[in-house]
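What follows is a short report on a single structure.
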Amino acid sequence: MGKFQFVIKRTGAIVPFNPERVANAIYRAAVAVGGRDKTTSELLSQKVIQLLESKYVEGYTPSIEEIQDAVEKVLIENGHAKVAKEYILYREEAARRRQQDSMHFSKPSELIPWPKIWRSLDWAVSHELHTSESLNKRISNGEFPQIVHEAESAYELQLDTAAEMIKQKGSQLKMVMVSGPSSSGKTTTTLKLEQRLMKMGMRFVPLVVDNYFFDLELHPKDEFGDYDFETPQALDLEMINDHLVRLAKGEEVKIPFYDFKQGIRHLNQTPLKINENEVLLIDSLHGLYPEFSSAIPAQEKFKLYLEPLLQMKGPDGYYFHWTDLRLIRRMLRDSVHRAYAPEQTLLHWHYVRSSEKRHILPYCQSADYIVNTSMSYEVALYSARLLSSFIEWEKKYEGDPLRKDAFQRASRVRKMLESVTPVQDDFPVPADSVLREFIGGSILDCH
């Protein structure tokens, strides 16, 4: 056992020191600049620990900042300047996010599509759906089916607009990219958008981006041992760009196949070609990430961004968090279709959130059109399904320094679900609703 048994987090909490986290942090920085050498990352992490042990006496409890300073020093002194730069940039970016969070967004955030927000808020106010109190009042008046109709109609109208904008691109359009953070409703929206465009005479060829994942053994892990599929660097961006360029030229490429059970990618598996009257349809978390399609001219692609931008205040005067809606959606979907317990989703969400703040949300403003996929009635359905679980998780993780994020989210979601009248019967929800992708019962091929 080394000199250090504990580490001081930024919150002041003292948690067990795990050397593997140092290696993971170095490897993640290396992956971000194109490196995939885990052995070197582990060797460098050993040097970091040696540096710390030479600097501090036995029994000393280093802080996170002291450990990160040592990582920077070792990377630079051992000739890994590019990795060091990425590591430093990540630290600075994380510090800026913490400062912004502490300021309660006193300055406009680049992560928020403000024009769309104002339109969504105006709609919510005009339909008396801008607070949990107003929603509850309408539910108590027996208006739940009408609320469903109003929300679904607003969503469908946005898809009509998006389809018309895509159609106007004309013959120069080569690909449509549907992007957005986890559980924003990409699958259903893509299918419904495709239906509209086919009626307009357009034909689509889907590209499954998941097949471009690197082998699982090349993925970095977080402090809890979870593999990170959320970062764009988990994808072979160089191969994606090469294939997109060739497909846009009308050439045939062979798409790889990713075996999720074994975590292995098999190259050159499925032939794919785009004919003159066809358009490539791409559903991906990272469709707006600049390096995803940097080789494709802007006029040849249409970028659609999705997020459930619900504009509803709780009793405390604060708006419900969009990320909490997506957390619940993913819990419901994963528990049914991926044998992934809702509690596991809660514990993993910090990783999802961290990656999307860096790699997805900052690029929402670059989209050609934004679709708000929230439904004003969805919290009422979630309250009936998951409130008791969030009460349990809040109690379970209270006071656990390693699970502070899980506790804070559980507490916040519990308050949100408690503030809304629960609705058990989802019969009024259309069978092709975007919510059916998560609560089940969809007539669309969502999985």
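The values are calculated or read from the model by the stated rules, or taken from the named source; none is laboratory data. Note that the structure is a prediction, hence the values are computed from the model and not measured. Every residue, glycine among them, receives a Cβ derived from its backbone with ideal geometry; neighbour counts consider all protein chains shown.
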* (1) surrounded by fewer than 20 Cβ atoms within 10 Å (Cβ to Cβ); (2) under 18 Å from residue 231 (Cβ atoms): which one isn't true of residue 288, the others all being true? -> (1)
* All but one of (1) farther than 29 Å from residue 202 by Cα; (2) in a strand (DSSP E or B); (3) among the polar types (S, T, N, Q) hold for residue 268; which doesn't? -> (1)
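Quick grid of which residues meet (1) of a type in the set (Phe, Trp, Tyr); (2) surrounded by 17 or more Cβ atoms within 10 Å (Cβ to Cβ); (3) assigned by TED's automatic domain parsing to the domain that holds residue 404; (4) farther than 19 Å from residue 36 by Cβ:
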site: 197; (1), (2), (3), (4): no, yes, yes, yes
site: 203; (1), (2), (3), (4): no, no, yes, yes
site: 207; (1), (2), (3), (4): no, yes, yes, yes
site: 215; (1), (2), (3), (4): no, no, yes, no
site: 230; (1), (2), (3), (4): no, yes, yes, no
site: 246; (1), (2), (3), (4): no, no, yes, yes
site: 252; (1), (2), (3), (4): no, no, yes, yes
site: 260; (1), (2), (3), (4): yes, no, yes, yes
* Asked: When residue 334 is evaluated against the numbered criteria (1) closer than 28 Å to residue 175 by Cβ; (2) of a type in the set (D, E, K, R); (3) surrounded by fewer than 23 Cβ atoms within 10 Å (Cβ to Cβ), which criterion, by number, is the only one it fails?
  -> (1)
* Out of all the residues in the range 291-307, which are within 22 Å of the chain's Cα centre (by Cα), in a loop (DSSP other than H, G, I, E, B) and surrounded by fewer than 24 Cβ atoms within 10 Å (Cβ to Cβ)? -> 294
* Residues of the range 24-55 that turn out to be at pLDDT 85 or above, surrounded by 15 or more Cβ atoms within 10 Å (Cβ to Cβ) and hydroxyl-bearing (Ser, Thr, Tyr), as a count -> 3
* Could you say whether any residue in the range 313-323 is β-branched (Val, Ile, Thr), in the same structural domain as residue 135 (by TED's automatic domain parsing) and modelled with pLDDT of 95 or more? -> yes
* Structure fact -> Requiring at least 1 residues that are over 29 Å from residue 271 (Cα atoms) and of a type in the set (Phe, Trp, Tyr), the helices (runs of 4 or more DSSP H) wholly within the range 107-216 are 114-126, 144-168
* Asked: Just checking, which of 62, 19 is in contact (Cβ under 8 Å) with a residue 40 or more places away in the chain, over 22 Å from residue 214 (Cβ atoms) and not assigned by TED's automatic domain parsing to the domain that holds residue 400?
  -> 62
* Kindly list, by first and then second residue, each pair from a residue in the range 361-385 that is in the same structural domain as residue 135 (by TED's automatic domain parsing) to a residue that is hydroxyl-bearing (Ser, Thr, Tyr) and part of a strand (DSSP E or B), limited to pairs with Cβ atoms under 6 Å and residues at least 6 apart or on different chains. => 364/305; 367/305; 370/305
* Structure fact -> Within the range 79-122, residues within 21 Å of residue 364 (Cα to Cα) and modelled with pLDDT of 80 or more come out as 112, 113, 114, 115, 116, 117, 118, 119, 120, 121, 122
* Mind checking which pairs have a first residue in the range 240-259 that is in contact (Cβ under 8 Å) with a residue 12 or more places away in the chain and a second that is of a type in the set (Phe, Trp, Tyr), Cβ under 7 Å, 6 or more apart or different chains? -> 240/212; 240/292; 256/212; 258/213
* Structure fact -> Within the range 30-66, of all residues that are more than 28 Å from the chain's Cα centre (by Cα) and β-branched (Val, Ile, Thr), the one farthest from residue 232 (Cα to Cα) is 57
* Asked: Out of all the residues in the range 59-68, is one or more surrounded by 13 or more Cβ atoms within 10 Å (Cβ to Cβ), part of a helix (DSSP H, G or I) and either on the phi > 0 side of the Ramachandran plot or at pLDDT below 85 (or both)?
  -> yes
* Return the residue satisfying two criteria in turn: it lies in the range 419-440 and is crowded, with 18+ Cβ neighbours inside 10 Å and hydrophobic (A, V, I, L, M, F, W, C), and of such residues it is farthest from residue 381 (Cα to Cα). => 434
